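Read through the structure below, which is laid out as structure tokens, and then see the notes.
The values are calculated or read from the model by the stated rules, or taken from the named source; none is laboratory data. Keep in mind that what you see is a predicted model, and the values were worked out from it rather than measured. All Cβ positions, glycine included, derive from the backbone under ideal geometry; neighbour counts span all protein chains shown. Each accessible area value is taken on the protein alone, full model and side chains, heavy atoms only, with ligands, DNA and RNA left out. Shrake-Rupley method; radii C 1.70, N 1.55, O 1.52, S 1.80 Å.
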Amino acid sequence: MTQQIRGRNVVVVGTQWGDEGKGKVVDWLTDHAQGVARFQGGHNAGHTLVIKGKKTALQLIPSGIMRDGVPCYIGNGVVVDPTHLLSEIERLEAAGLEVRSRLFISESCPLILPFHVEVDKAREALRETSGAGKIGTTGKGIGPAYEDKVARRALRVQDLKHPERFEKKLRELLELHNFALAGYLKSQPLEFQPIFDHAMKVAEQLKPMMADVGYMIHKAGREGANILFEGAQGTLLDIDHGTYPYVTSSNCVAGNAAAGSGVGPDQLHYILGITKAYTTRVGSGPFPTELPIDEPGTIGHHLSTVGQERGTVTGRARRCGWLDAAALKRSIIINGITGLCITKLDVLDGLEEIKVCVGYELNGQRIDILPLDADDIVACQPVYETFPGWKETTFGVTSWDALPANARSYLECVQRFIGTPIAMVSTGPDRDHTILLRHPYQA
Ligand code: GDP
Ligand code: IMO
Ligand code: MG
């Protein structure tokens, strides 16, 4: 008999290159949580939830917001574009949700301001013309904002409460970025006054939601709350552990749930890795199991169209390929994954056979885990194991026993190969399209 434990915290992280279905799973798990926290990234994330057929796309606000009364926290590790945040709040309010009374924004979050967006875009343009090759960023100013944080010159959410301090810091920071924009990036410098005036206007609305998030989560935990930490992006996009330089600018791994929200690492009790039953990637960078997606009748085209693999934030087509279990192995180690949720199993329905990459050939040698150097990853030839597919539909299936035998044996083989239990399987975009094997919030 399973028993629910109180004061237990679950971290949800992507184990691939993002878009694994983290938002759907966080929304599902919020049923057992009394608080949901984002701890890194910004509005480069696009988390899509479908509840009784109704779709909602979230970027900065935790996916727990869809459950009435659940407090949602934006931790200090998140970079906040105040204008975007306000528009996301307003969009949810227009859909009838109560947001402001239960959204808490850490005062320590670095701000994304208009010049970060300009620098991000101008730098991508320069990389393209110089032949360095674009990273393929989302163009939301994420990288430049994190650079300012690390350089100890960022404007933070707390500065919005102090107009004089904000003005002084903004003048200095804008001067620096304008120098780079005009001189090096061959772009237009920005004016101080419109940025300042707009920030002060938005500040009035955000002030009531500013909070000491780490302490709030700590107190909630002492009172028995289960907290859910919602990762953005994915392990292979992590600034340290991903396919550098084709990565985002934050640590996306589970360990950062503590530093990025202001709680101790002893508060991370269960790490749930979200893994798509195949692989996708948006933006540039190496991708060993990638398949061409444009030709009708091919596997890549099937994954792209049946999986509706188009980015939520930028609308770009996602690159697609087979599941890379050798890359997954590295993600499991780095995150300390307790259990996995395999998503989008239904997208594999109808395929004759299904391949899984279980290692690579690199310079004549067989290796069984994703290498660290991006050039080595480019040179990797995937080694596949092939499984028979299934004709039946798995769409919306909610029990393990109702899955086709071949689907079960595919999942069991993946589980055996990576040596980590599968806790959940997702068979469709809706909240209810979920198979539970071991509940992360139950003993
Ligand atoms: P996230 O960034 O990790 O939250 O993932 P995204 O929301 O960007 O991308 C996942 C997409 O797949 C969304 O459109 C989801 O609605 C959808 N989705 C999630 N789980 C499933 C599933 O099991 N099957 C299908 N067909 N779609 C799913
Ligand atoms: P979610 O949370 C997929 C990718 C971009 C680009 C790289 C750097 O929805 O899984 P950035 O704008 O962060 O500097 O871009 O990271 N990227 C994502 N890819 N899902 C995401 O978020 C992503 N967030 C950033 O496409 O390759
Ligand atoms: Mg996404």
Those trypsin sites (Lys or Arg not before Pro) in the range 117-167 that DSSP places in a loop and that have at most 10 other beta carbons within 10 Å: R152
Fraction of accessible area attributable to carbon and sulfur, the chain (%, probe 1.4 Å): 51 percent
Which FRET efficiency value, to the nearest 0.05, is calculated for Q308 and E385 with the Förster distance at 22 angstrom and r the Cβ-Cβ distance? 0.25
Size of the dipole of the chain about the Cα centre, Lys and Arg at +1 and Asp and Glu at -1 on the beta carbon, nothing else charged, in debye to 20? 760 debye
Just how far, in whole angstrom, is the range 173-223 from the range 311-385 if you go by their alpha carbon centroids? 37 Å
Rounded, prolate or oblate for the chain? Axes are the square roots of the Cα gyration tensor eigenvalues, ordered a ≥ b ≥ c, and the cut-off for rounded is a/c under 1.5. oblate
Loop trypsin sites (Lys or Arg not before Pro), the range 265-345, which have at most 16 other Cβ atoms in a 10 Å radius of their Cβ (DSSP): R316
The answer for the net charge of residues other than Q205 whose Cβ lies under 11 angstrom from its Cβ, with Lys and Arg +1 and Asp and Glu -1, is +1
Treat each spin label as a single point 7 Å out from the Cα along the C-beta direction, and report the A182 to Y215 distance in nm. 4.3 nm
Dipole of the chain [Lys/Arg +1, Asp/Glu -1 at C-beta], most positive-end residue of T305, A199, Q40: A199
The chain accessible area per residue, 1.4 Å probe, protein heavy atoms, integer Å², reads 41 Å²
Between E172 and A94, what FRET efficiency follows from the Cβ-Cβ distance if R0 is 41 Å, with the result rounded to 0.05? 0.65
The chain: most fluctuating residue of P296, P421, P62 per GNM, C-alpha cutoff 10 Å: P296
Is the shape of the range 145-261 best called rounded, prolate or oblate, per the rule: a/c under 1.5 gives rounded, else a/b larger than b/c gives prolate, else oblate, with a ≥ b ≥ c the square roots of the Cα gyration tensor eigenvalues? oblate
Given GluC sites (Glu not before Pro), DSSP loops and at most 12 other Cβ atoms within 10 Å, the longest exposed-site-free stretch of the chain is 224-351
